[in-house]
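The values are calculated or read from the model by the stated rules, or taken from the named source; none is laboratory data. Keep in mind the model is a prediction, meaning the values are calculated, not measured. Please note: Cβ atoms are built from the backbone with ideal geometry, for glycine as well, and neighbour counts cover all protein chains shown.
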Amino acid sequence: MTPDAKTVMIRAVGFDLGGTLMDYQGIAPSWELAYDEALAAVVTTWDGELTEAMIAGGRELLRRYNTRLSPRAEEVDHLTIFGELLDVLDAPEVGRATLVEMAADAFFGIFRSHAIAMPGAVETIRSLHRSGVRTGVLTDVPYGMPRRALLGHLAAAQLGMLDAALLTSVEVGTRKPDPEGFFCLAMVLGCAPAEVLFVGDEEKDIDGARAAGMTAALVWRGDGQSPQYGQHFTVASLSELPALVTSGPS
């Protein structure tokens, strides 16, 4: 770990999710290579058949809402995205509201079986809980993922203990690095932002946490020198985090 000159006195630890606590084994971060499989799963919800034109249109729409390709500040929910996707896939109009939900569940279900905890994640969270330190999650979700789908992914990755203090970009309305989500997370955790250590693996995690007045820790698992985003601490492993917490709840 590489600390700055101060000692961290915190009551809670907030986490980013994807790339920090959880990953999708065998799935590229943008999910692009899995589009065709996911589109095929979607049309099964009404026994539809994919045409080449539908596949091309579905890919184009998903790329448009792919924040790794087209970053956005304001979040878009799954009702909007999958409503548009059903139009592209020529879904029946009858029962459309139900089909939207079924389509979203089918789409995100493709990725659920790939969800795994990052090394040390479960043990680190349990260690923090044993020390009386509160934990929570603020995560930007892909394609407006509904909370129920994300909870299923957490359960698949053995991270269900984080359900109670979980905030998504859909619920907040904005994506990182907007500090609004970080302020909301502090409220959920019952702490002032200055009492929270936020842990993430991207620059937007560090920028948002610092803008909200939190202490920021970067998880850097790469080779060589870690990037400098203004983080207060850099850790190579989640298992280093409990040592940064010098004070539990008052």
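Points to keep in mind about this one:
- The conditions of being modelled with pLDDT under 95 and surrounded by fewer than 23 Cβ atoms within 10 Å (Cβ to Cβ) are not met by ASP178.
Here is a yes/no grid of residues against (1) of a type outside the set (A, V, I, L, M); (2) surrounded by fewer than 20 Cβ atoms within 10 Å (Cβ to Cβ):
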{"residue": "HIS78", "(1), (2)": "yes, no"}
{"residue": "PHE82", "(1), (2)": "yes, no"}
{"residue": "LEU86", "(1), (2)": "no, no"}
{"residue": "ALA103", "(1), (2)": "no, no"}
{"residue": "GLY109", "(1), (2)": "yes, yes"}
{"residue": "SER113", "(1), (2)": "yes, yes"}
{"residue": "ILE125", "(1), (2)": "no, no"}
{"residue": "ARG134", "(1), (2)": "yes, no"}
{"residue": "THR139", "(1), (2)": "yes, no"}
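- Failed item, numbered, when GLN231 is tested on (1) buried (at least 18 other Cβ atoms within 10 Å of the Cβ); (2) under 19 Å from the mean Cα position of the chain (by Cα); (3) not aliphatic (A, V, I, L, M): (2)
- Taking region 129-174 as the range and being farther than 18 Å from ALA73 by Cα, out of contact with any Asp or Glu (no Cβ under 8 Å at 6 or more places or on another chain) and of a type in the set (A, V, I, L, M, F, W, C) as the test, the residues that pass are VAL133, LEU150, ALA155, ALA156, ALA157, LEU159, MET161, LEU162, ALA164, ALA165, LEU166.
- Leading residue by the ranking (surrounded by the most Cβ atoms within 10 Å (Cβ to Cβ)) among those in region 34-68 that are within 27 Å of the chain's Cα centre (by Cα), assigned to a loop (DSSP other than H, G, I, E, B) and not hydroxyl-bearing (Ser, Thr, Tyr): ASN66
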